[in-house]
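Working notes, beginning with the structure itself.
The values are calculated or read from the model by the stated rules, or taken from the named source; none is laboratory data. As the structure is a computational prediction, the values presented were derived from the model and not from experiment. Counting neighbours? That spans all protein chains shown, and the Cβs are built from the backbone with ideal geometry, glycine included.
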């Protein structure tokens, strides 16, 4: 928890210092109340006391109560501001840290866990700052000051009774914490698991329904939910013991004080009875203050373990150094649009074998280079090395003559128009989704957006939307078909006007006619732009300047369509499975 203090700003520290002053002032006023109560008790029992004396003491008592309330309100405001401030700062830091992560770090943490850490864990930390700052500071100071006040009264019977009550409370709290702490630590992991299963169910809802797997998925959720519920119940049942014990101790100590007080008053002389009675009233109040202090500490012990686990999980994300380090270079413009793979091998972190092995080729400016091969042959992995979603294990990937590891990542990715294997759209409007591709440059004007949509063969269905490019896009583009989402993703890349296009199996949901027209328009409108295409269909890449055939991560053939039909057995098999004899003989 203490490591999170560095996320407090100067204003937060100033508010914390002011809160400390107000808390001490509040405690001082609270501990003055029993003294005025004792004074009123003595005045009531003393002959000759006037009503004005009693009212004066009562007014002072009321002033202390009102002052304590005002200071409590101010303290609560300050601590709430500090808690909200650190919560906002942590969520912002987490968000920006996650954006800097490569796919390696994302796979390490998992999306479900990162969501929990950014929401539930931050909430736990915010709660401990909001409540804990008051209770953790107030409780020990109150206890110490109340004990000092008790000692001033100098009665060993009452002091011993209070000490025994405190020891009993500490023993109960210690036993409960020993039982509950491991379960508190387990709570956040169980929350991660429940979040993951819920997310899977919602994301794959169509598949679940198509396979009548509702009951199967419900059983998975129920099992995770029951495990979390059982853990929570065990903790809550243990903590439920605390309140009855506290009530028993508080009532017992009150009863004990008055029982001892009755004995002392009975055995005291006539002139000492009033003093003992007055001290008994004061001692009872101070004893309650001590017990209440330990009750407040018990509340902290309930909140603190889970908050500590949450803080550790947050810091784990914030202190994870991204595996991809940003460079500072940029191309000199002499090799604009050129991509070179020089003996590239790649292995996923923790894998036993390379996914890509000794890949070497060059895509010159304006060329169309295609990649084809069986599923799992490494096509997507290969093109993902260009925008540095991963770094190569051996060899080098150069863009415009500069190793991508030396590039400033923003400048590198500004050169690329990337369309991922899975078309991704964001909630908003069509205009917002197309402009996403400008990557911080000047906003793409509407006429450029409409032109990009026309090139991507999206004008027909966008034109049928009353709002046009202002039409709404649901989360994940749920209100569009697979082919429409692909075309909108392609339009986003086109609107960016990049030096290099990367299409990762981005035509798979298109019919052959739309595929052919779209590629023809791209070729016309993007002359001089280097294009890399990952494809499963040979019809998509027939006209490519260079086709690279991958098998088990190796390049087993490089050439044009005709050259590969003559020299590459793997390509021949793929072609024979997709093309007719007439098409093969052309």
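Here's the yes/no breakdown for (1) over 15 Å from residue 423 (Cα atoms); (2) out of contact with any helix residue (DSSP H, G or I) (no Cβ under 8 Å at 6 or more places or on another chain); (3) surrounded by 20 or more Cβ atoms within 10 Å (Cβ to Cβ):
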position: 462; (1), (2), (3): yes, no, yes
position: 467; (1), (2), (3): yes, yes, no
position: 475; (1), (2), (3): no, yes, no
position: 480; (1), (2), (3): no, no, yes
position: 487; (1), (2), (3): no, no, yes
position: 502; (1), (2), (3): no, no, yes
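When residues in segment 342-361 are screened for being under 31 Å from the mean Cα position of the chain (by Cα), more than 13 Å from residue 385 (Cα to Cα) and touching a residue at least 12 places away in the same chain (Cβ under 8 Å), 1 of them pass. Residue check: is residue 452 assigned to a loop (DSSP other than H, G, I, E, B), modelled with pLDDT of 85 or more and under 22 Å from residue 519 (Cα atoms)? Judged against the criteria, residue 452 is not a match.
Residues in segment 493-514 that are at pLDDT 85 or above and not in a loop (DSSP other than H, G, I, E, B): 493, 494, 495, 500, 501, 502, 503, 504, 513, 514.
The sole residue among 558, 548, 533, 490 that is under 35 Å from the mean Cα position of the chain (by Cα), in a strand (DSSP E or B) and at pLDDT 90 or above is 533. Taking the criterion of being buried (at least 18 other Cβ atoms within 10 Å of the Cβ) and more than 20 Å from residue 119 (Cα to Cα), would at least one residue in segment 45-57 satisfy it? Yes: one or more hits.
Given the condition assigned by TED's automatic domain parsing to the domain that holds residue 187, surrounded by fewer than 14 Cβ atoms within 10 Å (Cβ to Cβ) and not in a loop (DSSP other than H, G, I, E, B), answer yes or no: does some residue in segment 124-143 qualify? No: zero hits.
In segment 24-118, counting only helices (runs of 4 or more DSSP H) that sit wholly within it, the ones holding 3 or more residues that are at pLDDT below 85, under 30 Å from residue 384 (Cα atoms) and assigned by TED's automatic domain parsing to the domain that holds residue 198 span 103-109, 111-116. None of 434, 430 is in contact with a strand residue (DSSP E or B) (Cβ under 9 Å, 6 or more places away or on another chain), crowded, with 20+ Cβ neighbours inside 10 Å and not assigned by TED's automatic domain parsing to the domain that holds residue 102 except 430. Is one or more of the residues making up segment 523-532 buried (at least 19 other Cβ atoms within 10 Å of the Cβ), within 30 Å of residue 353 (Cβ to Cβ) and touching a residue at least 12 places away in the same chain (Cβ under 8 Å)? Looking through segment 523-532, at least one residue is buried (at least 19 other Cβ atoms within 10 Å of the Cβ), within 30 Å of residue 353 (Cβ to Cβ) and touching a residue at least 12 places away in the same chain (Cβ under 8 Å).
Candidates in segment 542-551 are the residues that are in contact with a strand residue (DSSP E or B) (Cβ under 8 Å, 6 or more places away or on another chain) and more than 17 Å from residue 364 (Cα to Cα); of these, the one that is surrounded by the fewest Cβ atoms within 10 Å (Cβ to Cβ) is 551. Inclusion of residue 506 among residues that are under 24 Å from residue 481 (Cβ atoms) and in contact with a strand residue (DSSP E or B) (Cβ under 8 Å, 6 or more places away or on another chain) is warranted. Looking across 455, 469, 465, 502, one residue alone is touching a residue at least 12 places away in the same chain (Cβ under 8 Å) and under 16 Å from residue 521 (Cβ atoms). It is 455. Yes or no: segment 13-24 includes at least one residue that is touching a residue at least 24 places away in the same chain (Cβ under 8 Å), buried (at least 16 other Cβ atoms within 10 Å of the Cβ) and over 15 Å from residue 138 (Cβ atoms). Yes, some residue in segment 13-24 is touching a residue at least 24 places away in the same chain (Cβ under 8 Å), buried (at least 16 other Cβ atoms within 10 Å of the Cβ) and over 15 Å from residue 138 (Cβ atoms).
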